[in-house]
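The values are calculated or read from the model by the stated rules, or taken from the named source; none is laboratory data. Bear in mind that the values here come from a model prediction, so they are computed numbers and not experimental data. Note that we place each Cβ from the backbone using ideal geometry, even for glycine, and neighbour counts take in every protein chain shown.
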Amino acid sequence: MTRNHIETVKDSFHRVFPVRNALSQTFYDELFRIAPSIRPFFPEDMIEQRIKLSETLTAVVQQLHQLHPMEDTIIGLARQHLGHGTKPEHFAPVGAALIHALDTHSHGGLSEVEQDAWLSAYGAITDLMVEAMFADVVSS
């Protein structure tokens, strides 16, 4: 992930920040549409989950320029997801749903450059998470 990717993600996130609650709703609607097998991992009432997504996304975007200090948080998130039955193959539809939600709520949609930047950022984070998940599986 380059410095340009980070700045592009931050700039595009500022456009959707005012509608972050709608973005969270769209994200989960799309996720459950493209990956219905993931739905049982989530509570029936998604209000709290949508708030968590919005807060997590905001925090990650704010700290994207310094992921290293966030590694413990990201690894903890990976372990939490592993405990809920998340598998590495679940990350692809999550990424697709994220891009869909961002594109839907960005005025004029995401540009190719913005989409590439988001995919790069998402890839960097999921790489850390998958690595932590495999480390836990191997050590247990």
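Give segment 1-40 a look and list any residue that's among the aromatic types (Phe, Trp, Tyr), touching a residue at least 40 places away in the same chain (Cβ under 8 Å) and either touching a Phe, Trp or Tyr at 6+ places or on another chain (Cβ under 6 Å) or more than 15 Å from residue 113 (Cβ to Cβ) (or both), or say none. Hits for segment 1-40 are 17, 27, 28. Could you say whether any residue in segment 38-59 is at pLDDT below 90 and farther than 21 Å from residue 87 by Cα? Yes: segment 38-59 contains one or more residues that are at pLDDT below 90 and farther than 21 Å from residue 87 by Cα. Filtering segment 1-30 to residues that are of a type in the set (A, V, I, L, M, F, W, C) and either closer than 14 Å to residue 103 by Cα or exposed (fewer than 14 other Cβ atoms within 10 Å of the Cβ) (or both) leaves 9, 13, 16, 17, 19, 22, 23, 27. Taken as a whole, the condition of being at pLDDT 90 or above and among the hydrophobic types (A, V, I, L, M, F, W, C) does not apply to residue 128.
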